[in-house]
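Remarks on the structure that follows.
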Amino acid sequence: MSSEPPPPGSGQPPDEDPFKKHPPPAEGGGSPYDGPAPPTPPQGSPYGPGGPYGGDPLAGMPPLADSGKRTVARIIDMILVGIVVWLLSWAFGVMEYNMNADKIEYSKGFGQSVIAAVLYVGYDTIMISRSGQTLGKKLFNLRVANLDNGATPSVQTTLVRSLVLWIPFAFCCACIWTAIAGGWSYFDKPYKQGLHDKAAKTVVVSTG
């Protein structure tokens, strides 16, 4: 199916999201999302027949992203945003230092936690709601998609996903929570969802 917008005067509105799933093409037509058949949901799964999502939501979508690539992409994003967090924390004077004759100790103050929360949540929400990709995900050809239809998540959906991932990171659990939430995708079956994906009903797929 062509992703080109219809010609002027055709009476058909242009596709709002080129990644959104479409009805299967006629026999022999092919699809840009053709690929290996997705796994069959286990009996009793909410994604199986009769479940709240009905059938397999990944049918016709690109393959699921490799969890290792997701981890590296996330680390890249954390470093990029972390640099900005550090610079702004320094500029606003919200870092805490304890000095004595032997050493200088650095600790994170509440103000720095607020800056981190705003920047990490804002970065993920804006980037993913626009294209499904952060800078790290673009580097590895990964994309966040709605589980039910494959479209780029809305601002509301992406905000939920970002809040679940970054609020605990910023205020209490730091890298421990990020490792748990993101690492969940290594063991989750059948859709490799992190805890933040489950909260927002999203998946991460490969675009390469």
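The values are calculated or read from the model by the stated rules, or taken from the named source; none is laboratory data. Keep in mind that what you see is a predicted model, and the values were worked out from it rather than measured. Cβ atoms come from the backbone with ideal geometry, glycine included; neighbour counts cover every protein chain shown. Accessible surface areas use protein heavy atoms only, side chains included; no ligands, DNA or RNA. Shrake-Rupley method; radii C 1.70, N 1.55, O 1.52, S 1.80 Å.
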So between Phe110 and Lys138, what do we pick up on full extension, going 0.36 nm a residue minus the alpha carbon distance?
6.9 nm
Where labels lie 7 Å past Cα in the beta-carbon direction, separation of Phe187 and Cys173 in nm
1.3 nm
Let's test the formula: R0 of 41 Å, r as the Cβ-Cβ distance of Ile83 and Asp148. What FRET efficiency results, to the nearest 0.05?
0.70
Compute the accessible area per residue over the range 56-208, keeping the other protein chains in place, probe 1.4 Å, unit Å².
49 Å²
Charge context of Thr71, other residues only, Cβ under 13 angstrom, K/R +1, D/E -1:
+3
Compactness index (Cα Rg / 2.2 N^0.38 Å), the range 122-208
1.01
